[in-house]
Amino acid sequence: MGATGLRERKKQQTRQRMIDVALKLFDERGFDRVPVAEVAQAAEVSEATVFNYFPTKEDLVYQSMEAFEATLLDAVRQRPAGTSVVAAFRDCVLQPRGALAADDPAMIGRIARTARIIGGSGTLQTREQQVVDRTTRNLAEIIADERHARAHDIRPWVIANALVGVNRSMTRAIHQHALEGRSPHSITQSVLGQGRKAFDMLEHGLDG
């Protein structure tokens, strides 16, 4: 492994250590009661290092959600010719990844912990809604640009809200199943199955 590869690996290890330490502390005492300085001390790094990796405290919890937002938007922007927005979004969301790809009870435990942390913090719930709103807005703008929609046309927003709503509903279902202690396999089967049905409803009519 070259020097660059080794350096990146160490950076990833540092990043993951800070996330693991932060989530443990947040779960024990609540997100709003744990200062970043305490996270830094427990992870054996400086407070400045934490902020170098995570611009805000909330990023320690939501970094993967924001990365997935970019993945969703790219899937729509870069979809093959002839593929609908709904199909591109659906295929991206229904692609097993993370908890839906790994038969790992430990991962389900981590998801349950994250769900508890978010459920106990109004600050995090506000940040989550901000990310959802931004994703919806960006998706609506992509759709509007492609369709040359007029400024007052609500259809791009309706489509974007519906698609993002399916993704959020699936995430919430994963969190609920994880809190109930269900197995990775049963969570995958249930959430992906419901997700397919939800996208079918969007494609064929909400009364279907």
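Considering only residues in the stretch 167-208 that are in contact (Cβ under 8 Å) with a residue 60 or more places away in the chain and not in a helix (DSSP H, G or I), the one that is surrounded by the most Cβ atoms within 10 Å (Cβ to Cβ) turns out to be Arg182.
Residues in the stretch 52-67 that are at pLDDT 90 or above and of a type outside the set (D, E, K, R) were compared, and the one that is nearest to Arg127 (Cα to Cα) is Tyr62.
Does Asp103 qualify as being touching a residue at least 24 places away in the same chain (Cβ under 8 Å), of a type in the set (Asp, Glu) and surrounded by fewer than 12 Cβ atoms within 10 Å (Cβ to Cβ)?
It is true that Asp103 is touching a residue at least 24 places away in the same chain (Cβ under 8 Å), of a type in the set (Asp, Glu) and surrounded by fewer than 12 Cβ atoms within 10 Å (Cβ to Cβ).
Restricting attention to the stretch 44-67, the residues that are part of a helix (DSSP H, G or I) and surrounded by fewer than 19 Cβ atoms within 10 Å (Cβ to Cβ) total 12. For the stretch 93-117, residues that are touching a helix residue (DSSP H, G or I) at 6+ places or on another chain (Cβ under 6 Å) and over 15 Å from His177 (Cα atoms) total 3.
Here's the yes/no breakdown for (1) under 25 Å from Gln78 (Cβ atoms); (2) of a type in the set (A, V, I, L, M, F, W, C):
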{"site": "Asn138", "(1), (2)": "yes, no"}
{"site": "Asp145", "(1), (2)": "yes, no"}
{"site": "Asn161", "(1), (2)": "yes, no"}
{"site": "Val164", "(1), (2)": "yes, yes"}
{"site": "Arg168", "(1), (2)": "yes, no"}
{"site": "Ser183", "(1), (2)": "no, no"}
{"site": "Ile187", "(1), (2)": "no, yes"}
{"site": "Gln194", "(1), (2)": "no, no"}
{"site": "Met201", "(1), (2)": "no, yes"}
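Taking (1) touching a residue at least 24 places away in the same chain (Cβ under 8 Å); (2) not assigned by TED's automatic domain parsing to the domain that holds His177 in turn, Arg90 satisfies each apart from (2).
The sole residue among Arg168, Arg182, Arg127 that is closer than 26 Å to Gly98 by Cβ, in the same structural domain as Phe199 (by TED's automatic domain parsing) and in contact with an Asp or Glu (Cβ under 6 Å, 6 or more places away or on another chain) is Arg127.
The values are calculated or read from the model by the stated rules, or taken from the named source; none is laboratory data. As the structure is a prediction and not an experimental result, all values here were calculated from the model. Note that we place each Cβ from the backbone using ideal geometry, even for glycine, and neighbour counts take in every protein chain shown.
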